[in-house]
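In what follows, a single structure is set out as structure tokens and then discussed.
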Amino acid sequence: MKIVLRFLLGTFLGFAQYGYSQTLPSNFSRVLVSDGFSSPTAFAFTPNGSDIFVTLQGGILRMIQNGVVVQDPIITLSVMNTGERGLIGVTVDPAFEDNHYVYLYYTVPAGTERTAAFNKIVRITLNGTAVVEGSLTTILELNDLSAQHTNHNGGSMAFGPDGKLYVGVGENATGTNAQNLDNYLGKILRINPDGSVPEGNPFTGNDAKSRIWAYGLRNPYSITFDRISGKLFVNDVGESTWEEINDATTGGLNFGWPNKEGFCTSNCTDYTQPIHVYGHASDTDGKGCSIVGGTFFNPISTSYPVSYRGQYFFNDYCGEWINDISVSNPDQQYPFGTHVGGGLTYLSTSLDGELYYLSRDDQSLYKISYASSFSPPSISDQPDDLTVSTGDPASFNVGASGSGTLSYQWYKNGEPIADADQFAFSISHAASTDQGMYSVLVSSVNGSVLSDVAMLSVTNATVVVDPIKNNVLNVFPNPSSGKVQISMVSKGNDFLEVSIRNAQGEELIKQQVSAATAEVDLSSYPNGLYFLQVEGYGVKVIKQ
């Protein structure tokens, strides 16, 4: 079995490229953010975008605050950093401004806490740039690791739009682990921020099975969510032929490792195909040996040309390049940057709309900037939430300014609305199906900016679910801040089977309720769009 992503080596089987000049599209340039990072493995932005945490494989967490590296390490952990082990993952709590939580993924040395080495997830609380004494809390301990194999540890973590923590775990160079639902290895996990089992996971059973979201993975070194659509992409490091990008938005999927690599061509019934693969080669743009970073390019504002918005960018440890694909049509792989650094790890989009990535060979964090004489458009008047009655008109407006001609594209629940290309978007006769989350992208030759989300609520909205029996489903209030009342006109005092799923399709609530007093409680779930199913018929519900 070929071992990939070797952190101890600066080259890999001749893949490394030195002495070449960078190539980027016109007006793009590589800019050094900070250097001096010994064996960097991952990084994460704070929610406000001003600060960055960088993990070093040897166990040190560094912080870049307002563009300057904080002199002292934030924390130094005792880790086993042989091969691909060490401090290899970091993410920041979405409520960091309030709770100051940072999550770390690292390898505990053998003989310290357990006989064997193992990976664990911990949480620390910060007070400025110092760790609050006694705040280090274990979130989750993973399985014992092989003494022979130090590779395939995963380490990526990301918070989903549902507020849950998703974790990529490698299979420890033992392929059978990836198909075994009784351990954490070779999986994507979905856990509550405290490590407990959340509602809505696809499997039930022991500690491992109940936390598994997806399986059949080799080394999911990086995972990332799209802030617009909520999609979850997993970058899975391949073995001898293919590197994979997998869509794990839906829970319970099996991506096939070790029984397949790349696109499955026979006996594929039980496996989910990747959305994109690329092959192995040396000194070739778009080919390499280890896919280690990926990011949806959907920032709030950016000076990048609008053609790059919505693309999925990714990089390779051996290839020294950054490429991208279209999320809606991922077959074609597009070149973006070549010779941008050696030993690339991780890739992310900043709030201000630039790509950031690490180079282990350069011990540096870089960003890709776009030179423009003007700033991107700005929004001065955001679209407002609306509540209208069934049949009434509804109209959203945005106030924007900027140099050059401004263009508009309206979205509903993250999907573009056909022909909605003006500063205002109107619905002449609102219906229950129009309820949802609306936003608009404003763009010009100088960049683009995405508006806040506005929610449309249609009151007195009813859905006829059975026209033959004239059965009418009523949902109120919708949007709701907590409890949702449900009734079916012809059901009397019978019982209804009710389930709630989030926008990713995972079931959060399933219960039987009295038709006379039917009620479900969404108060513990984050704001967003949910799908209510009653007796097999569905309606959209907004929690706000």
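Summary of computed values
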quantity: 2 or more residues within 23 Å of residue 313 (Cβ to Cβ): qualifying strands (runs of 3 or more DSSP E) within the stretch 203-252; calculated: 220-225, 232-236, 242-247
quantity: Residue match in the stretch 267-288 (condition: outside any strand (DSSP E or B), under 28 Å from residue 414 (Cα atoms), charged (D, E, K, R) and in contact (Cβ under 8 Å) with a residue 40 or more places away in the chain); calculated: no
quantity: Any hit, the stretch 369-389, residues being β-branched (Val, Ile, Thr), touching a residue at least 24 places away in the same chain (Cβ under 8 Å) and touching a helix residue (DSSP H, G or I) at 6+ places or on another chain (Cβ under 8 Å); calculated: no
quantity: Subset of the stretch 181-200 that is modelled with pLDDT under 95 and on the phi < 0 side of the Ramachandran plot - its residue that is surrounded by the fewest Cβ atoms within 10 Å (Cβ to Cβ); calculated: 199
quantity: Residue that is more than 20 Å from residue 456 (Cβ to Cβ) and either under 30 Å from the mean Cα position of the chain (by Cα) or at pLDDT 70 or above (or both), where the choices are 475, 484, 498, 489; calculated: 498
quantity: Unmet criterion (only one of (1) surrounded by 24 or more Cβ atoms within 10 Å (Cβ to Cβ); (2) part of a strand (DSSP E or B)) for residue 178; calculated: (2)
quantity: Matching entry among 171, 141 (being touching a Phe, Trp or Tyr at 6+ places or on another chain (Cβ under 8 Å), part of a strand (DSSP E or B) and of a type in the set (Asp, Glu)); calculated: 141
quantity: Count of residues meeting criterion [buried (at least 23 other Cβ atoms within 10 Å of the Cβ) and of a type outside the set (A, V, I, L, M)] in the stretch 152-162; calculated: 5
quantity: Considering residues of the stretch 311-358 that are within 18 Å of the chain's Cα centre (by Cα), polar (S, T, N, Q) and not in a strand (DSSP E or B) only, the residue modelled with the lowest pLDDT; calculated: 328
quantity: In the stretch 117-142, the residues that are crowded, with 17+ Cβ neighbours inside 10 Å and among the acidic types (Asp, Glu); calculated: 141
quantity: Qualifying positions in the stretch 226-244 - closer than 26 Å to residue 450 by Cα and of a type outside the set (Lys, Arg); calculated: 226, 228, 229, 230, 232, 233, 234
quantity: From 41, 46, 125, residue being touching a His at 6+ places or on another chain (Cβ under 7 Å) and hydroxyl-bearing (Ser, Thr, Tyr); calculated: 125
quantity: Residue match in the stretch 296-310 (condition: crowded, with 24+ Cβ neighbours inside 10 Å and under 18 Å from residue 223 (Cβ atoms)); calculated: no
quantity: Filter result for residue 272 (at pLDDT 95 or above, out of contact with any strand residue (DSSP E or B) (no Cβ under 6 Å at 6 or more places or on another chain) and buried (at least 17 other Cβ atoms within 10 Å of the Cβ)); calculated: yes
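The values are calculated or read from the model by the stated rules, or taken from the named source; none is laboratory data. Keep in mind that what you see is a predicted model, and the values were worked out from it rather than measured. In this analysis, Cβ positions are derived from the backbone assuming ideal geometry, glycine residues included, and neighbour counts consider all displayed protein chains.
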